[in-house]
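To keep things clear, I will list the structure first and then write my remarks on it.
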Amino acid sequence: MDRETVGSVNRGRLQVEVRTEGRSEIVKPVGELDHHTADLLRVPLEEAIERGRARLVIDCSQLEFCDSTGLNVLLGARLKAEADGGGVHLAGMLPVVARVFEITGAEAVFTVHDSVEAALVH
C-alpha cells in the first residue's frame with residue numbers, strides 16, 4: 001500500500017513528516033522503520049541537526065515496526081543531537097515498538113513521553 005502525502009517523504013512502507021514547533025523539530029515516521037526504509041528517517045534527522053535544530057521530538061504514534069537498523073538511526077541521531085546541546089525525545093510509542101526499546105535497553109538512553117504534547121513541554 002502506497003501512502004502519498006504532500007510535504008512528506010515516502011518509500012512505500014514508511015512516510016516521514018517533519019514540522020517545526022517552537023524550539024523543537026517534530027519528526028513523525030508512519031509505517032515500518034527497517035533496513036530498507038531507515039534512510040527516510042536518517043536524512044531528515046541529520047538535516048535538522050545540521051540546521052541547528054538539535055531538539056528532536058520523534059512522534060512514534062504511527063510507527064508500526066522498528067528493527068535494529070531503525071533503532072540505530074535513532075541512537076545515531078541522539079548522539080549527534082546531544083553533541084550539539086540537544087536531545088531526542090520519543091513520544092507516543094505503540095506497545096510493539098516500545099517492546100523493542102525495552103528488550104534492547106534503549107529506553108534507558110532516550111527521554112520517552114506519552115505524547116508529543118508532553119514532549120514539547122519538557
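What to note about this one:
- Given (1) surrounded by 21 or more Cβ atoms within 10 Å (Cβ to Cβ); (2) part of a strand (DSSP E or B), number of the condition Gln15 does not satisfy: (1)
- Scoring Thr37 on the criteria (1) among the β-branched types (Val, Ile, Thr); (2) touching a helix residue (DSSP H, G or I) at 6+ places or on another chain (Cβ under 9 Å); (3) surrounded by fewer than 21 Cβ atoms within 10 Å (Cβ to Cβ); (4) modelled with pLDDT of 95 or more leaves a single failure, condition (3).
- Residues of segment 84-104 classified as under 12 Å from Ser68 (Cα atoms) and not hydrophobic (A, V, I, L, M, F, W, C), total: 1
The values are calculated or read from the model by the stated rules, or taken from the named source; none is laboratory data. As the structure is a computational prediction, the values presented were derived from the model and not from experiment. Neighbour counts run over all protein chains shown; Cβ positions are idealised from the backbone, glycine included.
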